[in-house]
Amino acid sequence: MAARDGSRVLASPLRSLPALGQSRSMFIQTETTPNDDSLKFIPGVPVMTNNGTAEFTEAKSSIGSPLALRLFGIDDVRSVFYGPDFVTVSKQEDSQWNVLKPEIYSILMEHFSSQAPLFRDAAAQEAAGPQDTKILDTDSEIVAMVKELLDTRIRPAIMEDGGDIEYRGFDENTGLVKLKLKGSCRGCSSSSVTLKSGIERMLKHYIPEVQTVEQVLDQEEEIALDAFSDFEKRLEEKEKDNEKNKKQDLSQYMSL
């Protein structure tokens, strides 16, 4: 579970609550996540209804949500994720949170204090938050069990860290469960540990038919992963060349 960093910002009072006859001030808290480039912002009011989630990885995909679109207007914001009671914002690796947070706070406080809708319409909300773990009449007993475990045991734990998982399918011949990591889990260095040590172990424990869990990557994630692998290979080759040159220099020195 992520630890709160104690950051709190006092915004303008929310609208008066008719039932109480008084106004309430908004406090936005932040929580760190396992991903240094993602922060979890907690406005103290519901964000997504029905325990749903929604993710936007570019400004074009956020047109249906005015809040996400405004957040993408901040330089170096890479993605926006809505949870039941939080908003996770992810930044570019080379940017600094102390530069981005004030503007993020301002946009979040303005939105939630005005009680503006999160989406332009119901169609936009449905498009942003797929009901991937909804049990269908066509699901097999195994698939239904996988979805139930994901929804009731695994998803709540991952949301504590500002992320989520999306069910992408189950191969009953191989026992392979396909999942997509979202929010702060996207691109996190510990995501493979989360998949294998956490999710896979729990699914295999309760459902013997499950043999392994595999992460599904978007095209942009695959490109980034390939680029990182190429970079690591180049570094390794450079280190080998340097070591070889050192040995040659030493050999020449000893022959003098």
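The values are calculated or read from the model by the stated rules, or taken from the named source; none is laboratory data. These numbers were taken from a predicted model, which means no experiment stands behind them. Every residue, glycine as well, gets a Cβ built from its backbone with ideal geometry; the counts of neighbours run over all protein chains shown.
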Query raised in the report: Would a scan of region 189-200 turn up a residue that is crowded, with 16+ Cβ neighbours inside 10 Å and at pLDDT 85 or above?
Result: yes
Query raised in the report: Taking the condition modelled with pLDDT of 90 or more, more than 19 Å from the chain's Cα centre (by Cα) and assigned by TED's automatic domain parsing to the domain that holds Lys180, does Val99 pass?
Result: no
Query raised in the report: Is region 59-69 home to any residue that is touching a strand residue (DSSP E or B) at 6+ places or on another chain (Cβ under 8 Å), without any contact (Cβ under 8 Å) to a residue 24 or more places away in the chain and not hydrophobic (A, V, I, L, M, F, W, C)?
Result: yes
Query raised in the report: Looking at region 164-178, which of its residues are part of a strand (DSSP E or B) and surrounded by fewer than 17 Cβ atoms within 10 Å (Cβ to Cβ)?
Result: Arg168, Gly169, Asp171, Leu176, Lys178
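Please work out which residue is surrounded by the most Cβ atoms within 10 Å (Cβ to Cβ), limiting yourself to region 41-78 and to residues that are part of a strand (DSSP E or B) and in contact with a helix residue (DSSP H, G or I) (Cβ under 9 Å, 6 or more places away or on another chain).
Looking only at region 41-78, we keep the residues that are part of a strand (DSSP E or B), and these are 41-42, 54-56, 77-78.
Retained after the next criterion (residues that are in contact with a helix residue (DSSP H, G or I) (Cβ under 9 Å, 6 or more places away or on another chain)): 41, 54-56, 77.
Values: Phe41: 23, Ala54: 27, Glu55: 24, Phe56: 22, Val77: 21.
Top of the filtered list is Ala54.
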Report summary line: Note on region 98-123: residues of a type in the set (Lys, Arg) and over 20 Å from Ala54 (Cα atoms) are Lys101
Query - Residues (under 24 Å from Glu160 (Cβ atoms), part of a helix (DSSP H, G or I) and not basic (Lys, Arg)) located in region 79-106 - result: Trp97, Leu100, Ile104, Tyr105
